[in-house]
Amino acid sequence: MSRKKFLRQKEQREKRRIARERIDILFTLAERVFPYEPELANRYVEIALAVQQKARIRMPRKWKRRYCKKCHSLLVPGRNARVRLRNGHVVIKCLNCGHIMRYPYLREQKARRRDSMKEATGGNEGQTSVKGGNHSGSE
Ligand SMILES: [Zn+2]
């Protein structure tokens, strides 16, 4: 690999890192101003989306579900979003435009549980693993 190419890759990585940081800041600001200036919060979301698209990165997990995919408003459960659990999915409804988004829920929970179990017991998963996805009530 040429040195020039190497440098370009490094630059790309750096750009993406900065983009993620900006997205983080923008969503944090959006959440902060939402209670008294929801319009401004939505502007921050728009900017965050522009940053994400320009840098061609995925939306960080943390914020992925915090805005409406259709009208791009910041979603705050209990204020402008309704969140329900259904068949192993998180169903989020944007109350601004009525758009409904579904995200898998159980798989993610299981993965997380598996991770924490690995740490805690060192591979004693056989007896405690949840089958059928009927495990609820523990937060
Ligand atoms: Zn919407």
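Laboratory data are not the source of any read-out in this text; all were calculated from the coordinates shown. Here the structure is a predicted model, which is why all the values come from computation and not from measurement. Glycine gets a Cβ as well: all are built from the backbone with ideal geometry, and neighbour counts include every protein chain shown.
By how many nm would the segment from His99 to Lys54 grow when fully extended, if each residue of separation counts as 0.36 nm and the alpha-carbon distance is taken off? Intermediate results must be reported in sequence, preceding the final value.
Values: separation 45, 0.36 × 45 = 16.20 nm, distance 2.47 nm.
That pair, His99 and Lys54, stretches by 13.7 nm at full extension.
Taking the alpha carbon gyration tensor of the stretch 1-62, what are the square roots of 5 times its eigenvalues, largest first, to the nearest whole Å? Spell out each step's value before the answer.
On the way: eigenvalues 190, 15, 12 Å².
For the stretch 1-62, the ellipsoid semi-axes come out as 31, 9, 8 Å.
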Checking the stretch 1-86 for chymotrypsin sites (Phe, Trp or Tyr not before Pro) in a loop per DSSP with at most 10 other beta-carbon atoms within 10 Å yields Tyr36
State which entries of Lys5/Lys69; Lys5/Lys70; Lys4/Lys70; Lys5/Lys54; Lys4/Lys54 exceed 30 angstrom in Cα-Cα distance in the structure shown. Lys5/Lys69; Lys5/Lys70; Lys4/Lys70
For Lys70 and His89, calculate 0.36 nm times their separation in residues minus their Cα-Cα distance, and state this gained length in nm to one decimal. 4.9 nm
Distant-in-sequence amide H partners of Val90 (H built 1.01 Å from N, under 5 Å): Tyr103, Tyr105
